[in-house]
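Below: the structure, in C-alpha cells.
The values are calculated or read from the model by the stated rules, or taken from the named source; none is laboratory data. Here the structure is a predicted model, which is why all the values come from computation and not from measurement. FYI the Cβ positions are ideal-geometry reconstructions off the backbone, even for glycines, and counts take in every protein chain you see. The protein model used for the area step is the full one, side chains on, heavy atoms only, and it has no ligands, DNA or RNA in it. Shrake-Rupley method; radii C 1.70, N 1.55, O 1.52, S 1.80 Å.
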Amino acid sequence: ALLPLVYSQSNTIWRQMVLLPFLLLLAQVDHKEHLLPNKVVLGALGLRILLLAAEIAWEPILWQNQVVFFLQGLLGILFLMLVLYVLTHQSLGEGDVKLYSVLGAYLGFNSALNVLLLALFLIGCTGLVGILMKKLHWKSRLPIGPFTLGAFLLLYFGSALGGILF
C-alpha cells in the first residue's frame, strides 16, 4: 500500500512527512523530561527500514543508491555525533546521538547535518537571550529535541517556499 506513496513525486518528501510525527513527539517529550525515549527513536528507525524496503521494491534498479543513501546518512551522522558526544564531555546525550542517526537515515547526511547546525545555532541564540534576560545560567542545559524540530521545520518549509528562507 505504501509503494505508490513512496515514489509518486519524490521519496524525500514522503520520508520527511513520515519523520515529522516522530520529531513532534520527541520534541514534546524532550522538552518536558529532557529525555528522548528509545522506543520512539527505534520505532522511527524501524519504519525507515520498511520505507527503504518499499523504495527498493518500487525501483529495484536504484537499490544500491537507496541503500548507500540510507547507510551514509545513518552511519555518517552516527560517527559525527559520537565524536561530538566525546568532545563535549557528554553534554549531548545518548538519545541525541540516536535521534540524529535516525535523522540521517531519513534525510541523508547533508540534510541531517544542516538540521544539526541550524538546531545548534537556535540553541545558542536561545541560550544567549536567556542569559541576557537572566532566565538561564551559563551551565543551563537546553533539550535538543524541540530545536531539532524547529530546525527541521525551518529547513523543510524554507525549501518548500522555493528557497526564500534557506
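Looking at 53, 27, 44, just one residue is part of a helix (DSSP H, G or I) and over 16 Å from the mean Cα position of the chain (by Cα), and that residue is 53. Count of the stretch 17-51 residues, restricted to those that are free of Cβ contacts under 8 Å to residues at least 24 places away in the same chain, open to solvent by less than 40 Å² (accessible area, probe 1.4 Å) and not β-branched (Val, Ile, Thr), is 2.
This table checks each residue for (1) closer than 18 Å to residue 38 by Cα; (2) small (Gly, Ala, Ser); (3) touching a residue at least 24 places away in the same chain (Cβ under 8 Å).
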position: 61; (1), (2), (3): no, no, no
position: 65; (1), (2), (3): no, no, no
position: 77; (1), (2), (3): yes, no, yes
position: 82; (1), (2), (3): yes, no, no
position: 86; (1), (2), (3): no, no, no
position: 90; (1), (2), (3): yes, no, no
position: 93; (1), (2), (3): yes, yes, yes
position: 97; (1), (2), (3): yes, no, no
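The helices (runs of 4 or more DSSP H) falling completely within the stretch 65-166 that include 3 or more residues that are modelled with pLDDT under 95 and open to solvent by 40 Å² or more (accessible area, probe 1.4 Å) map to 109-132, 144-160.
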